[in-house]
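A.B. asks: Sharing a structure, written as structure tokens. Questions coming.
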Amino acid sequence: MRQEEIVQNIEKVRENIAKACRKAGRDPKEVTLIAVTKTVSAETAMIAVDAGVCDIGENRVQEYRDKRDKIQREINLHFIGQLQRNKVKYIVSDVSYIHSLDRLSLAEEISARAQKAGRTVNVLVEVGFDHSGERGGVLPEQLHEFVYQLLEYPNLNVCGLMCVAPLGYDEEKTRGVFRTMRDMRDAFQKEGLHMPHLSMGMSGDYQIAVEEGATFVRIGTTIFGARK
């Protein structure tokens, strides 16, 4: 995809975010656009960065490291894919947010590596709405206990929730998932936990997510085109 097309796509996404915020009575500044650069070259990712996108999301550790080393700008790096324990060491020193924390063994590894690196890592708990177990994520009915268990791990800042709306859901069901996410996050806030973030919404449903309270939207295809 040509540079001008990518820049135009980013502008359109920002316009849609602003429109969704107006509809919901929100400030667009509350929503961070994460450009998901899975399978996209570092040079192409740089087009988005030069267009003012300050947040880059990666699903794979090797691509994360490649973008980190080649993009010579001040950006926030988000790891949004399933993360294996043995790969934590490669990202823990500079990752801005890990969006996909869904098991205690991973929390233990992130915590230990963060302590060695002398930093606190921002993490979001991935919530799974697929009860088949094929996708990652903590089931909603197990979420409360899981979050409070995470508070026992040093150098973890549990700052929100993340989800992927199940495939095949229509707009009404997708909106229901996002609304449930917001309600669960709000419940933790009422209990005194500082969990401001909701990472939800991708290319096909980000406007609905913004209307329902998303603070991070993860956009790839709409910016960079279909993956090869």
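A.B. asks: Of the residues that make up the range 137-157, is at least one within 14 Å of the chain's Cα centre (by Cα) and surrounded by fewer than 19 Cβ atoms within 10 Å (Cβ to Cβ)?
C.D. replies: The first filter runs over the range 137-157 and keeps only residues within 14 Å of the chain's Cα centre (by Cα), leaving 137.
Those left that are additionally surrounded by fewer than 19 Cβ atoms within 10 Å (Cβ to Cβ): none.
The answer is no; no qualifying residue exists.
A.B. asks: From the residues in the range 169-192 that are charged (D, E, K, R) and in contact (Cβ under 8 Å) with a residue 24 or more places away in the chain, which one is surrounded by the fewest Cβ atoms within 10 Å (Cβ to Cβ)?
C.D. replies: Per the stated criteria, the residue is GLU171.
A.B. asks: Which condition does MET1 not pass, out of (1) surrounded by 20 or more Cβ atoms within 10 Å (Cβ to Cβ); (2) touching a Gly at 6+ places or on another chain (Cβ under 9 Å); (3) farther than 29 Å from GLY137 by Cα, if it passes all the others?
C.D. replies: (1)
A.B. asks: Here is a list of conditions, (1) under 18 Å from MET195 (Cβ atoms); (2) surrounded by fewer than 18 Cβ atoms within 10 Å (Cβ to Cβ), and PRO166 meets all of them except one; can you say which number that is?
C.D. replies: Only one criterion is unmet by PRO166, namely (1).
A.B. asks: From (1) surrounded by fewer than 16 Cβ atoms within 10 Å (Cβ to Cβ); (2) part of a loop (DSSP other than H, G, I, E, B); (3) out of contact with any Lys or Arg (no Cβ under 7 Å at 6 or more places or on another chain), pick out the condition that doesn't hold for LEU83.
C.D. replies: (1)
A.B. asks: Here is a list: VAL49, VAL88, VAL61. Which entry is buried (at least 20 other Cβ atoms within 10 Å of the Cβ), more than 15 Å from ALA35 (Cβ to Cβ), β-branched (Val, Ile, Thr) and in contact (Cβ under 8 Å) with a residue 24 or more places away in the chain? Before the answer, list the steps.
C.D. replies: Numbers: VAL49 fails: more than 15 Å from ALA35 (Cβ to Cβ); VAL61 fails: buried (at least 20 other Cβ atoms within 10 Å of the Cβ).
From the options VAL49, VAL88, VAL61, the qualifying one is VAL88.
A.B. asks: Let me ask something additional. If you take the residues of the range 1-59 that are polar (S, T, N, Q) and in a helix (DSSP H, G or I), which of them is farthest from the chain's Cα centre (by Cα)?
C.D. replies: Per the stated criteria, the residue is GLN3.
A.B. asks: Of the residues ARG73, ARG68, only one is modelled with pLDDT under 95 and either surrounded by 22 or more Cβ atoms within 10 Å (Cβ to Cβ) or touching a strand residue (DSSP E or B) at 6+ places or on another chain (Cβ under 7 Å) (or both); which? Quick ask: steps written out before the conclusion?
C.D. replies: Numbers: ARG73 fails: either surrounded by 22 or more Cβ atoms within 10 Å (Cβ to Cβ) or touching a strand residue (DSSP E or B) at 6+ places or on another chain (Cβ under 7 Å) (or both).
Only one candidate qualifies: ARG68.
The values are calculated or read from the model by the stated rules, or taken from the named source; none is laboratory data. As the structure is a computational prediction, the values presented were derived from the model and not from experiment. So basically every Cβ, Gly included, is an ideal-geometry build from the backbone, and we count neighbours across all protein chains shown.
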